[in-house]
Amino acid sequence: MEFVKNTWYFAAWSEEVGEGDLFARTFCGKPIVLLRDANGDTVAMLDRCPHRFAPLSMGKYADGIVKCCYHGLEFGLDGKCVRNPHPSGKIPRNAAVPVFATHERHSAIWIWMGDAAQADPALIPDYSKIDEYGVTRFDHFVMDAPYDLIVDNLLDCSHTSFVHDGILGNEPMVAAPTEIAQTGATLNVVRYARDVPPPSMFDMIFRQDGQNVDCWTDFRWDPPCCLLLDVGVCPPGAEKSEGTGYYGIHILTPETDETTHYFTAACRWNINPATENDEMRLKIADLRRFAFEDQDEPLIKAQHRIRQMSDPDDLRPVMLETDAGVVRWRRIIDQMLDRERETTDESTETKNVA
Amino acid sequence: MEFVKNTWYFAAWSEEVGEGDLFARTFCGKPIVLLRDANGDTVAMLDRCPHRFAPLSMGKYADGIVKCCYHGLEFGLDGKCVRNPHPSGKIPRNAAVPVFATHERHSAIWIWMGDAAQADPALIPDYSKIDEYGVTRFDHFVMDAPYDLIVDNLLDCSHTSFVHDGILGNEPMVAAPTEIAQTGATLNVVRYARDVPPPSMFDMIFRQDGQNVDCWTDFRWDPPCCLLLDVGVCPPGAEKSEGTGYYGIHILTPETDETTHYFTAACRWNINPATENDEMRLKIADLRRFAFEDQDEPLIKAQHRIRQMSDPDDLRPVMLETDAGVVRWRRIIDQMLDRERETTDESTETKNVA
Amino acid sequence: MEFVKNTWYFAAWSEEVGEGDLFARTFCGKPIVLLRDANGDTVAMLDRCPHRFAPLSMGKYADGIVKCCYHGLEFGLDGKCVRNPHPSGKIPRNAAVPVFATHERHSAIWIWMGDAAQADPALIPDYSKIDEYGVTRFDHFVMDAPYDLIVDNLLDCSHTSFVHDGILGNEPMVAAPTEIAQTGATLNVVRYARDVPPPSMFDMIFRQDGQNVDCWTDFRWDPPCCLLLDVGVCPPGAEKSEGTGYYGIHILTPETDETTHYFTAACRWNINPATENDEMRLKIADLRRFAFEDQDEPLIKAQHRIRQMSDPDDLRPVMLETDAGVVRWRRIIDQMLDRERETTDESTETKNVA
Ligand code: FES
Ligand code: FES
Ligand code: FES
C-alpha cells in the first residue's frame, strides 16, 4: 500500500512518551523512535542505526544523546553522529539518522513522514475539542486491518445501526438522509435523525429514561485519516444545546500495510453532574472501546480476509447513497498520492539533468 | 492450485446445516455460506456482500431473507438484493450475490462450484451405501495439506501396511497384487489379500480371534476427489458374504490450496449383533479418525513440507506398480482442467468477436 | 539466500546422533537425515524418499537399511534402493536417495553439502582445542536470524562492550585497537585490551577479586561460518600463560534463509582447581548461552526485522574501523559463491555442447 508522506500523522498521545524514554512505534511501515529533548519537546528519528541497522530504541538515551546498543555510536537529536567510541574516534561521513518533523498539540504528538521543510504545524487538523472538554480516556490499540477499511467504516455512519445496534445506533435512525460537505480537503458526513429511540450509550449520558430523542452525527474527515465525530442527542425538536453529547476522536495511523493504530477518546460536553462521575466516564470509554474492538474489528478483519480471497477483478463494489463519504475521501487521497508521485518524478528528472 | 469447477463437491453433512443457520465454509478458496429455505432445501451463496464485501454469514437470516451485518442490505435466496434500508430505498443494479447450485443426497449437501446450468444431480457420485447401511458417525475435519496428496495417499492402499501397520493393514498384505479398472471417469483400485493375519480393526469387527482372513480393499475414485472404500474380511477361501466389512466414505473437498476438508464415515454390513453395540460403533469411528488424523496427516504434512523445500525440478517421483491409481486420477483431473480452460478461452473469444 | 555448497558445515555434535537413530535436521534449506552405520560411522542422506517424497527420518532404520514409512521402499546406506516390498519386487531405475559426504572430527559430525568427490576432510577447520581441553557443555540452539548477521555479530568483538556489558566486555575495552590478519581464507580478528576492569565472566574464572586484567580476544573465522574464539585474561603486563581463558566454539550452520543452527561450547585452559568444579563449568556454559540467546539473539532478530522493513537501497551501512572483519568475510564468501556459479555454468555449457 502507498501512503501519503507529506502530511501529519498522529504518532502518540503526549502521555505515552515520558522524559528519557526511547519510544518505538511503526508508522507507514517505517520504524520510528520518539523521544523528548531537555525542554520536553518531541523528536522523532528513524529507529535504525546507520551502522548495522540495530534499532536505536534498544539503546540508551540521556543528556540529549542516543547511544546505539550494538557498537555504541552516539547521536545528537538532529540525528548526526556525535561520537564514535572506537579507537580512531573518527565520525564517518553520512553517519546520521534521518529525523522527522514532529509537533505536539491537543495532548498528542504528530509526525510528518515526508519532507520536514514542508511540515507546517498549521496543517495539523483541529482537535481543540480535546483541550476544551474533559476527556474520558486517551486510548490506543492496533487494529489488524488496513487503515482504508477503517476509514470506510467510520465515514459510513449508517453502519452504527447494524454493527452497533442498540448501543450506538438503531434501525429507525437509518431513515435519516446523509449529507456530505467538502471544504478544501476536509469532508463532513452529516446525519440528523429526528424523534428516534435513544441508543443505550446516549440514553445513559442523557435522560436515562428511554424516551425518544433527536440524534445527530457529524463525522469530519481530514487527510489522511483523522476523524472527529460530533455526536449527541437532545429532546425531539429542541436545540442541540439542550441536549448532551461528545466529540469522538477517531484518529488512525497506518502501522503497516495490514495493521493500523487507532487513537480514540471522547470529549464530553453538557455533562449532567447528577449522573456523570468518574466511574461513568470510564464506562463510556469502555463501551466505545468494546464497540470498536469487539464489534467493528472482527467485521473489518473478516471483510479484509474476504477481499484477499477474491480475484481483484471481482471487487467492484455496489454503491449506496451512504457511500458518498467513502468515495470522496478515497478520491482526495488518490489525488494527494498522484501529486506526491509527480513531485518525486520531477525532482528525479531535475537530478538526472544536473 | 487450480481446481475443477464444473463438478460436484461435498459441502457438508446434512446435519451440519440447521434451519435458520448461516453456515460459513470455504471451498476451492471461495468463501461460501450455506443455508436452508422454507422447505428445508439448501442454498449456497458467495459469502460476500456485493456492497463492501462483508461476509453474509456474519449477518442475520430469517423468512427467506439474508441481511448483511454491515449496512443492512437484504438479499433473497436467489441472491438478488430485495431491500435497501437506506433513505432512497433504491436497489442498485448488480446488487446481487452469486448463487451456487446445491443438491442434497446421501445425508450430504453437494455444491457445484462452476456454471449452475450444468449442475446435473445425476452426476453426483453414488454414495447410496450411506442410505442403505448404518453409519458409524458423520465425521468432518480439516487436514493441513493440499487435497492431491490425500487422494494419492488413499489411492495407493499399500500404504495401510506401513502407515497403519497392525490397525488397518500389515506387511503380509503387501504381497497381494493391485489391480485397476476405469469406467468412464471412475477408477477402481482393487486388492485381494488371501489368508493373511487380520489387522486389529477387522479382527475386532469380525471374529475377534486373531485367525487369518481374506481381506479385500476396493477403492473407488470419482472426480474430483470423492472416494468410496469397500473393505472387508471373510474366512480364507470363503465368499465375501460370509464375512463382514464396511463401506468407508472418504470424500475430500479442497478448502484452500493448502488445506482440505475431509468428510468420512463408515457404513457397516453383516454386523454381528453379539459384539457390535453403540460403543463399538464409536470405537470404529474413533479408530478410523485416529488413523487419518494421527497417522496419515502428520506424514502427508511432512511430505508437503519436504516438497515445498525442494526445487520443483527435483520432484520427478520414482514410479512403483502401486502408483497406477495415482497416475490415473491425476491424468483424468488434468484432462478435466484442460477442458475447462479451453471452454473458458472459447467463450472469451466469442465475447471478443461479439 | 545463496549458500556455498562445496564446503564443510557442522551438522551435529557427535553425541546427538546415537546408534540406530534417524536424526533429522535441515541445512542450507535441505532436509537431511543423519545416521550411523554398523561401525558407528556417520551417513547423511537427503531426507526425502524418491518415491513420493516422504521424509525417510519418519521411517525405520535397522541393519544398515532405511525403510520408508509410507510404502516401505528400503534403501542401503549408499542411498540405493535395495528392496521394493510390492509384488513385482522390481527396483525402479533411479530409485536412489542422494547421499552427502560426512566426516566425524572434534566430537562433531561435519557435512559437505556439495559434490562429495571434493569433500576432503583436510579442509575441516581445526577445532582440536575441543579434543585437547575440557569442554563446558556441547550446546546447540537455533537462532531465528539469517546466518550472515550472526557472523557479523561475532566478527566485530567491540559489540561485547555494549551488548554484553559487564559480563563479557565493558567500555574501557573499546579503546583497544582491532587488528585483522588473513591467511588463505582464514581470518583472525584480534584485540588486546590492557589493564582494564575484568568482565564478570573472566573475573569469575580468574582471580575473583575485581582487579584489573589484560584481556585478549582473537576471533578466527573459517569459511563458511566456523568461528573459534581465543579469549582470556592475565595480570596486567604478564604473559598469557599466567592467566586463564577458554576457546569459545561458535559454529554456525544455516538452517534456512531465516534461521541458523548455533553450535557452541567453551574449552577451558589453566583451570584453577580451587574454584572451578562441575557446578562452575555449567555456570560458564549457562552464562555464555544467556549472552547468546538472551542478549545477542533479540538484537539480531530486531536488526533483521528492521532490514526487512527497509528499502534495500537504503541499506548501505556506514563503515567503522571495527568492521574490517565483517567486510573481509563477506568478500571471501562472495568470491566462493562466484566461483561455484562459474563452475556450474561451465559444466552446463559442456553439457549443452555434448
Ligand atoms: S549498529 Fe549501531 S553502532 Fe553498530
Ligand atoms: S457490506 Fe453489506 S450492506 Fe454494506
Ligand atoms: S514415499 Fe517412500 S516408499 Fe513411497
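The values are calculated or read from the model by the stated rules, or taken from the named source; none is laboratory data. Since the structure is predicted, the reported quantities are computational estimates derived from the model, not experimental observations. Glycine gets a Cβ as well: all are built from the backbone with ideal geometry, and neighbour counts include every protein chain shown. For the accessible areas, the whole protein counts, side chains as well, though only heavy atoms, and no ligand, DNA or RNA atoms are used. Shrake-Rupley method; radii C 1.70, N 1.55, O 1.52, S 1.80 Å.
Return yes or no: is C:F3 within 30 Å of C:P146 (Cα to Cα), part of a loop (DSSP other than H, G, I, E, B), away from ligand 1 (no atom under 16 Å from the Cβ) and touching a Lys or Arg at 6+ places or on another chain (Cβ under 7 Å)?
So C:F3 does not fit the description; no.
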Residue hits (region C:314-328; within 7 Å of chain A (Cβ to nearest Cβ) and in contact with a strand residue (DSSP E or B) (Cβ under 9 Å, 6 or more places away or on another chain)) are C:V318, C:E321, C:T322
Exactly one of C:F100, C:F75 is more than 18 Å from B:E171 (Cβ to Cβ) and in the same structural domain as C:R36 (by the TED database), and that residue is C:F100
Within region B:77-111, restricting to residues that are more than 8 Å from every other protein chain (Cβ to nearest Cβ) and open to solvent by less than 10 Å² (accessible area, probe 1.4 Å), the one that is farthest from A:C157 (Cα to Cα) is B:A108
Filter region A:302-322 for residues that are assigned to a helix (DSSP H, G or I) and at pLDDT 95 or above; the one that is nearest to A:V4 (Cα to Cα) is A:H304
Expected single match for in the same structural domain as A:W221 (by the TED database) and buried (at least 17 other Cβ atoms within 10 Å of the Cβ) among A:F141, A:F162 is A:F162
Of (1) open to solvent by 80 Å² or more (accessible area, probe 1.4 Å); (2) closer than 30 Å to C:R207 by Cβ, C:E293 fails just (1)
*Would you check if there is a residue in region A:292-313 being more than 14 Å from chain B (Cβ to nearest Cβ), closer than 27 Å to A:V174 by Cβ and among the charged types (D, E, K, R)?*
yes
Flagged in region A:64-76 as in contact (Cβ under 8 Å) with a residue 24 or more places away in the chain and more than 8 Å from every other protein chain (Cβ to nearest Cβ), in numbering order, are A:G64, A:V66, A:F75
Self-check item: Residue in region C:71-81 that is touching a Gly at 6+ places or on another chain (Cβ under 8 Å) and either away from ligand 2 (no atom under 16 Å from the Cβ) or closer than 23 Å to C:C28 by Cα (or both) present
Solution: yes
Among the residues of region A:167-193, the number that are open to solvent by 40 Å² or more (accessible area, probe 1.4 Å) and either within 20 Å of the chain's Cα centre (by Cα) or away from every other protein chain (no Cβ under 13 Å) (or both) is 7
Restricting region C:32-52 to residues that are open to solvent by 10 Å² or more (accessible area, probe 1.4 Å) and facing chain B (nearest Cβ under 8 Å), the one farthest from the chain's Cα centre (by Cα) turns out to be C:R52
| field | Residue check for C:I150: open to solvent by less than 50 Å² (accessible area, probe 1.4 Å) and within 14 Å of another protein chain (Cβ to nearest Cβ) | value | yes
Over region B:8-21, the set of residues within 21 Å of the chain's Cα centre (by Cα) and open to solvent by 10 Å² or more (accessible area, probe 1.4 Å) is B:S14, B:E15, B:E16, B:G18
If you go through B:I271, B:I251, B:I332, the only one that is more than 10 Å from chain C (Cβ to nearest Cβ), over 19 Å from C:P55 (Cβ atoms), open to solvent by 40 Å² or more (accessible area, probe 1.4 Å) and of a type outside the set (K, R) is B:I271
If you go through region B:198-217 one residue at a time, do you hit one that is crowded, with 19+ Cβ neighbours inside 10 Å, among the charged types (D, E, K, R), more than 14 Å from every other protein chain (Cβ to nearest Cβ) and on the phi < 0 side of the Ramachandran plot?
yes
Fill in: Filter result for A:V135 (closer than 22 Å to A:V17 by Cβ, modelled with pLDDT under 95 and of a type in the set (V, I, T))
yes
inquiry  = I'd like to know if region B:29-49 contains one or more residues that are under 29 Å from A:T178 (Cβ atoms) and within 11 Å of ligand 2 (Cβ to nearest atom).
reply    = yes
Subset of region B:242-277, residues among the hydroxyl-bearing types (S, T, Y), part of a strand (DSSP E or B) and within 11 Å of B:M143 (Cα to Cα), comes to B:T253, B:T260, B:Y262
Given (1) away from chain A (no Cβ under 14 Å); (2) not in a loop (DSSP other than H, G, I, E, B), C:G237 misses just (2)
